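A short reminder: the numbers here are calculations on the coordinates, not readings from a lab. Not measured: the values here are computed from a predicted model. Here the Cβ positions follow ideal geometry from the backbone for every residue, glycine too, while neighbour counts run over all protein chains shown.
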Amino acid sequence: MNVLPKNIANLRVDYSLKNFDEKDVQKNPFQQFSLWLNEAIEAEVNEPNAMTLGTVKPDGRPSARIVLLKGLDENGFIFYTNYKSNKGNEIAQNSNVAIVFCWLELQRQVRIEGIAKKISSQQSDEYFNSRPHKSKIGAHASPQSDVIINREVLEKQFAEFEKLFSEQPIIRPEHWGGYLVEPTSIEFWQGRQSRLHDRFLYSKQSNNSWEINRLAP
């Protein structure tokens, strides 16, 4: 039985907002990413720092979810999570990950492949301490990815930690912190008319320089 809308095969957009030529490509992929991210923010793209994070299960099957970019420097891309979550356990088994940013309003996407590594406890503490009060409590209250009977269980745990931390400072739980994704490749994709999209791939070399190549769409 076909449960898809009848017209889904006919849904299409002929991309024509922007182009991405060789003369526009920055030599450093982090500078290029910062430029595009800033344009996404200025264009008021919904959740411009949202990214799909792909990991690998122990049996080799892929797994993906949306997380938020919370830091960027010349070493890579930073996000925060529960280290005991599914993604945390998968990264512990296989640190190869993939990231995708999709900015539909600008008809752009960025694909990243790299290695995920835990950041320092100090850096995780600094970010945790900057979070809203209830978000800090949530990091303690939620056994992320565990099976729970109902929502009431979660709300009860939240209430218990809320009471506890009304009497003492909230410290970062050891099972919560950040990862740095050090990229080995970064691809920038700009939608173009007739599906002749602009794609440029940055590949990291052994001397830490970046090779840039245009890819066919």
(Q) Which one, 176, 110, 56, projects farthest toward the positive side of the charge dipole computed for the stretch 41-198 from Cβ point charges (K/R +1, D/E -1)? (A) 56
Q. To the nearest 20 debye, what is the magnitude of the charge dipole of the stretch 67-112 about its Cα centre, counting +1 on the Cβ of each Lys and Arg and -1 on the Cβ of each Asp and Glu?
A. 140 debye
Q: Select from 41, 31, 7 the residue farthest towards the positive end of the dipole of the stretch 1-81; place +1 on Cβ of Lys and Arg, -1 on Cβ of Asp and Glu, and compute about the Cα centre.
A: 7
Q. Expressed as a rounded percentage, what relative contact order does the stretch 67-146 have, with Cα pairs under 8 Å and six or more residues apart?
A. 24 percent
Q) Counting Lys and Arg as +1 and Asp and Glu as -1, each charge on the Cβ, what is the dipole of the chain about the Cα centre in debye, to the nearest 20? A) 540 debye
(Q) Using a 10 angstrom Cβ neighbour count of at most 12 plus a DSSP loop assignment to flag exposed trypsin sites (Lys or Arg not before Pro), which longest range of the chain is free of such sites? (A) 28-217
Q: Using only the C-alpha atoms of the stretch 33-180, find the volume of their convex hull and express it per residue in Å³.
A: 133 Å³
Q. Using a Gaussian network for the chain with springs between C-alpha atoms less than 10 Å apart, which of these wobbles most: 130, 206, 63?
A. 206
Q: Quickly work out the residue 123-to-residue 44 label distance, labels modelled 7 Å from Cα along the C-beta direction, and quote it in nm with one decimal.
A: 3.4 nm
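For the stretch 54-183, what is the charge dipole size about the Cα centre, in debye to the nearest 20, if Lys and Arg each add +1 at the Cβ and Asp and Glu each add -1 at the Cβ? Mind dumping the intermediate values first?
Working: 17 positive and 16 negative charges, 50 e Å.
Roughly 240 debye, rounded to the nearest 20.
Please identify every one of the GluC sites (Glu not before Pro) in the stretch 18-61 that sits in a loop by DSSP and has no more than 15 other beta carbons within 10 Å of its own beta carbon.
Values: sites: 22, 39, 42, 44; in loops: 44.
Answer in residue order: 44.
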